[in-house]
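*Asks:* Have a look at this one.
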Amino acid sequence: MRENPTRERAAASTDNGGGGAVPTTSSTATLELLECAPRQRPLLDEVLDGLRGTQKSLPAKLHYDQRGSMLFEQICSLDEYYITRTELGIMQRTAASVAEALGDGCMLIEPGSGASLKTDLLLEAMATPAAYVPVDISRDFLLEAAAAIAARHEVEVLPVWADFTRRHPLPTPAASINSRAIYFPGSTVGNFSRPEAGRLLELFAELLRESQAEQAGGVPAGSVVVGFDCKKEIPRMEAAYNDAEGVTAEFNYNVLDRLSRELGADLDRDRFEFRADWDEEVGAIVSRLWAKESHAVDIAGSTVQFEAGEPIRMEESHKYTPAEFEQLAGAAGLGLEKFWSDDSRDFAVVQLRPLGC
Ligand SMILES: C[S@@+](CC[C@H](N)C(=O)[O-])C[C@H]1O[C@@H](n2cnc3c(N)ncnc32)[C@H](O)[C@@H]1O
């Protein structure tokens, strides 16, 4: 689906205003931002749908406004949050092998690029990347991170503001490309239920097959490199999301503040308590905000009733055994090509290729 994108010459430095005009002159590098209107459904509809269901929930992507993106970066350096440092450790040791597996002249697309930290290591190891395309829903944070990458690497950086769960146009780099690769680190895949993650991998496989078909001369299909968190002892997984400093709790309360601000809702964070628990049945840590007392909330003229002890499901963080992930990918038409991990097998990075290509 093509979504009426606009292309904007953007100075990748400021604008905390959430999508307004961006200055066109700045001392920082200027970048072309491809804007693909990530919010297809009005925010209000999405929120009311989620809060009127029998089990209240909010879409996990709502965590990522500018403040949410900054809080996520703080989470990444928490002691309890082993995920980022383990994946960074893997990339520090194996970036050269990952780069080699991607090949020369590769256009690197990163859905949910955030701060592009691991990409920094990967780009360092890639001899001749054709372009780097970070895609994120958090517009201003995306611009800042893209500018930082452009300043550090000699590669064309083409940021895209889009919802990566939907088809969106991709920019055309100046250099000719040999292949496209999708880099999906950060265990972002874990934030989708198993069926949703399967659909997302199918979307990636489709994109790679299409770009192979577009290229002449039997070029090999590109690949997907995904980082996922492995199943481990429950207390360690739970501690990662119930950190002592309460940063993850704040990351969740921030969604309530955001909705109050953007929708004129009177969601009061003090009336909720945060907790993340392992759910064996779904294979995920589930983050919830629990109503401390019975109360009604006004959201842009609609009333939502909360009972005491009733939860809002905020985010799922799915964990996989390597075999489970290989099965998920296989069902989405992607075969396992390479596997990298840390010594304790806490986290895994895999390269997948469309089957039959
Ligand atoms: C778990 S963070 C990972 C960030 C980074 N890739 C890393 O490895 O640290 C998820 C990122 O995906 C972005 N994101 C979440 N849902 C999205 C969506 N539906 N479309 C685009 N970006 C999304 C968030 O803004 C955030 O930057």
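*Asks:* Give me D for region 81-235 in µm² s⁻¹, whole number, from Stokes-Einstein with Rh from the Kirkwood sum over alpha-carbon pairs, 37 °C and 0.692 mPa s.
*Replies:* 206 µm²/s
*Asks:* Can you quote the Å³ per residue value for the convex hull of the Cα atoms in region 48-105, rounded to an integer?
*Replies:* 173 Å³
*Asks:* Output the direction-averaged projected area (hull surface divided by four) of the convex hull of the alpha-carbon atoms of the chain, in nm².
*Replies:* That works out to 17.7 nm², a quarter of the Cα hull's surface.
*Asks:* Write down the Kirkwood hydrodynamic radius of region 147-247, to one decimal in angstroms, obtained as one divided by the mean of 1/r over all alpha carbon pairs.
*Replies:* 16.6 Å
*Asks:* Now for a separate question. What residue among Pro185, Pro173, Pro111 has the largest mean-square fluctuation in a Gaussian network model of the chain, using Cα springs under 10 Å?
*Replies:* Sorting by GNM fluctuation, first place goes to Pro173.
*Asks:* Another question, then. Work out the length of the dipole vector of region 245-357 about its Cα centre, built from +1 on the beta-carbon of each Lys and Arg and -1 on the beta-carbon of each Asp and Glu, and round it to the nearest 20 debye.
*Replies:* For this selection, approximately 380 debye.
*Asks:* Quick one: plug the Kirkwood hydrodynamic radius of region 245-335 (C-alpha pairs) into Stokes-Einstein at 4 °C, 1.567 mPa s, and report D in µm²/s.
*Replies:* Answer, rounded: 86 µm²/s.
*Asks:* Would you mind calculating the gained length between Glu262 and Glu280 on full extension (0.36 nm times residue separation, minus the Cα-Cα distance), in nm to one decimal?
*Replies:* 3.0 nm
*Asks:* For region 188-328, what is the convex hull volume of the alpha-carbon atoms per residue, in Å³?
*Replies:* 156 Å³
*Asks:* List the aspartates and glutamates whose Cα lies under 12 Å from the Cα of Lys118, skipping any in the same chain that are fewer than 8 positions away.
*Replies:* Leaving aside aspartates and glutamates fewer than 8 places away in the same chain, those within reach of Lys118 are Glu87, Glu110.
*Asks:* Might you report the magnitude of the Cβ-based charge dipole of region 48-121 about its Cα centre, with Lys and Arg at +1 and Asp and Glu at -1, to the nearest 20 debye?
*Replies:* 340 debye
*Asks:* Label points 7 Å out from Cα along the Cβ direction at Leu203 and Arg236: separation in nm?
*Replies:* Placing both labels 7 Å along Cα→Cβ, they lie 3.2 nm apart.
*Asks:* Follow-up. Between Leu43 and Ala244, how many nm apart are label points set 7 Å from Cα along the C-beta direction?
*Replies:* 3.5 nm
*Asks:* Right, here's the next one. Rank Ile234, Asn178, Val282 by how far each Cα sits towards the positive end of the charge dipole of region 177-298 (+1 on Lys, Arg Cβ; -1 on Asp, Glu Cβ) and give me just the farthest.
*Replies:* Value computed over the given set: Asn178.
*Asks:* Starting from the Cα-Cα distance between Cys357 and Ser97, subtract it from 0.36 nm times their residue separation and give me the gain in nm to one decimal.
*Replies:* This chain segment gains 91.5 nm when fully extended.
*Asks:* Once Rh for region 132-190 is found with the Kirkwood sum over Cα pairs, what is the Stokes-Einstein diffusion coefficient at 20 °C and 1.002 mPa s, in µm²/s?
*Replies:* Translational D for this selection: 169 µm²/s.
*Asks:* On to the next question. Helix-only mean residue ellipticity at 222 nm, the chain, DSSP H runs n ≥ 4 weighted -39,500 (n - 2.57), per residue, nearest 500. What is it?
*Replies:* The helix contribution divided over the chain gives -11000 deg cm²/dmol.
*Asks:* Right, another one. For Glu73 and Gln327 in the same chain, what is the full-extension length gain: residue separation times 0.36 nm, less their Cα-Cα distance, in nm?
*Replies:* Extra length from Glu73 to Gln327 when fully extended: 88.4 nm.
*Asks:* Per 10 Å bin, what percent of the C-alpha pairs of region 270-314 does each bin hold, from zero upward?
*Replies:* Histogram of Cα-Cα distances, whole percents per bin: 27, 44, 23, 6.
*Asks:* For Glu293, project a label point 7 Å along Cα to C-beta. Then give me every residue of region 252-285 with its amide nitrogen under 12 Å of that point.
*Replies:* Counting backbone N atoms under 12 Å from the label point, the list is 270-272.
*Asks:* Arranged by the count of other C-beta atoms within 10 angstrom, fewest first, what order do Thr54, Thr128, Thr248 take?
*Replies:* In increasing order of surrounding Cβ atoms, one gets Thr54, Thr128, Thr248.
The numbers here are math on the coordinates, done by the rules we state, and not lab data. The shown structure was predicted, so the numbers you read here are calculated from the model rather than taken from an experiment. Ideal geometry is used to build each Cβ from the backbone, glycine not excepted, and the neighbour counts take in all protein chains shown.
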